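The values are calculated or read from the model by the stated rules, or taken from the named source; none is laboratory data. Bear in mind the structure is a predicted one, so any value in this text is a computation, not a measurement. Note: areas computed on protein heavy atoms with side chains; ligands, DNA, RNA excluded. Shrake-Rupley method; radii C 1.70, N 1.55, O 1.52, S 1.80 Å.
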Amino acid sequence: MKAINVVILDDELEILDVCGRLFEDEPFAFLATSDHKEAMRAIEAMDIKVILSDNRMPGILGVEFLRQVKEKRPDVIRVLFTGHADVQLAEDAINKGEVYRFLNKPFDLKQLLMLVREAIEKFDLLRNNQRLAGSIQKRNEELEVLSVKLKNMYDVQKQFTYTVSHELRTPLAAIKSSIDILNTEMPGKLSDEQKMFITGAKSGIDRLARLINDVLDLAKLESGKMAMDLVSVPPAALVQEIVSMQGMVVQEKGLTLETEFGADLPVILVDKDRLAQVFSNLINNAMKFTKEGKITISVSCEDKKNMTFGVRDTGIGITKEDLPKLFKKFQQVGGASQHVGGTGLGLAICKEIVEAHRGRIWVESEFGKGSAFCFTIPVAQAKRILIVDDDPGTLAVLRNVLTATGKYELEMVSDGFLAGQKCNSFKPDLIILDINMPKIDGLEVCARLKSDPETVGIKIVMHSGFSTEQDEKKAREAGADEILRKPIDPKALLAMVEKLI
């Protein structure tokens, strides 16, 4: 048996009969009545999706009845039958949100059937969105609880790391100062045996100091509190600077330090000191495992999106058993003689620094044939903007204003239904969204995007005439980050886009 999803309220029995025959083959059942009280009882007791009401009814106007329906069941889609004399009244009811659509009598049967189907589809879509939003909210609440627990645990561990590291620094500094004074032989001349023990003690103190510094660096990087001083740098110039600093140390080991540069290397945005730290760790690692030959630093940018740096050596390479240990904390590979002076944190710090630049790091090695540590740094990409508007003239204005800057990559769609699909493939940084569009309006598109974890972070600018403060309020409530009024002011548009992305 089909569920009753539609109620038809009209005092003209002929219309009730016509509607009965019109909906006979539809997948839903309906209740046809001339009694508004019976219609209200059905709406309160059944899963009614659509109510169609005549306006001039005995005892009550259809507009007033639909207003009461809205109070009791705001999710029900409300349609008004009206004569030509009541058109203004029906339009006012639509503007107040009391009526979804209205049909003039006499109405076209095909138009009525299409309207009812569209109304049921809208009801189902809104209900599914509500269920999804409820499910997302519940899941977000659960994740928030877990996130707080994890954050508290991490804060305790982080505080412990900072406290222990700082507490160790003071006695270490005192011990180091004492050893330095002894080495001057001011307190008294040292025997060769005493010098040997003091040298060993100094080596241990230096290693422990490096370990403390590395632990603190790693803790800051992992917590995201390591300040990154990003500047635009030509990659070849950066590598040449590294070579000038490290070249002498490499030569003292009996090795040569060479460079290889690709063509047309774009500028990158990096923290020079942190990247120098990455190169220092990788070059020191290469020297440990290379007795003779060379170390080569290479730079290339084949895909125009990522700068690839490499530190390649002609050393002994890394065994398959040791490869999984790389980039993990306090893990060292190779023989014991190669561990001297190491903390086991160098590669872990490299990984954190590279990932803080939104890059990735990896190693290519075969035992007996050397190793190549490679990492990428993203080339600065143009910000992506998706424009959603069904007016070709508005699309042209927006396109011309934004493309003239040369800063943005644009995509345009004229249908609200396509906005979500385009977000998945284009992954915009910002969406400029019209409110008044066919099929699905901008408010609903905005609400969907802001309730989806995949798209909630995208900035949205809603633009329209915004004739009243209530219109702007609805846009804000739907999730709009900014409001842009039509006609579009190019300077205001660019300022808003710059502010958001």
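Whole number in Å², please: accessible area per residue of the chain, 1.4 Å probe, ligands, DNA and RNA not counted.
Heavy-atom SASA per residue in the chain reads 55 Å².
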Exercise for the section: For every helix of n ≥ 4 consecutive DSSP H residues, a contribution of -39,500 (n - 2.57) applies; sum these over the chain, divide by its total residues, and give [θ] at 222 nm rounded to the nearest 500 deg cm²/dmol. Expected result: -16500 deg cm²/dmol
Exercise for the section: Could you quote the convex hull projected area for region 378-445, Cα atoms only and averaged over all directions, in nm²? Expected result: 4.7 nm²
Handout entry: Cα pair distances of the chain binned at 20 Å [whole percent]
Key = 17, 33, 25, 17, 7, 1, 0
Exercise for the section: Quick one: check the C-alpha center-to-center distance for region 386-426 versus region 127-142, whole angstrom. Expected result: 29 Å
Exercise for the section: Of the listed pairs Lys37/Lys70; Lys422/Lys486; Lys291/Lys369; Lys202/Lys294, which have alpha-carbon separations greater than 20 Å here? Expected result: Lys422/Lys486; Lys202/Lys294
Practice task
Run through all the Cα pairs of region 399-498 and give the fraction in each 10 Å bin from 0, expressed as whole percent.
Solution key: 15, 50, 32, 3
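Please identify the DSSP H helices in the chain that span no less than 30 Å along the helix axis (Cα) and have a mean Kyte-Doolittle hydropathy of -1.0 or more. Kindly include the intermediate steps, with their values, before the conclusion.
Details: long enough: 109-183 (104 Å, -0.28); 192-223 (47 Å, -0.16).
Qualifying helices, which must be both long enough and hydrophobic enough, are 109-183, 192-223.
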Problem - Partner lysines for Lys407 [C-alpha distance under 18 Å; skip if fewer than 8 residues away on the same chain] - result: Lys304, Lys305, Lys383, Lys427, Lys459, Lys491, Lys499
Completion exercise
Using alpha carbon centers only, region 255-328 is separated from region 452-500 by a whole-angstrom value of 45 Å
Practice task
Multiply the residue separation of Lys149 and Ser203 by 0.36 nm, subtract the distance between their alpha-carbon atoms, and state the gained length in nm to one decimal.
Solution key: 15.3 nm
Exercise for the section: Compute the Cα gyration tensor for region 1-139, then decide on rounded, prolate or oblate, letting a ≥ b ≥ c be the square roots of its eigenvalues: rounded whenever a/c is under 1.5, prolate when a/b is larger than b/c in the other cases, and oblate in all that remain. Expected result: prolate
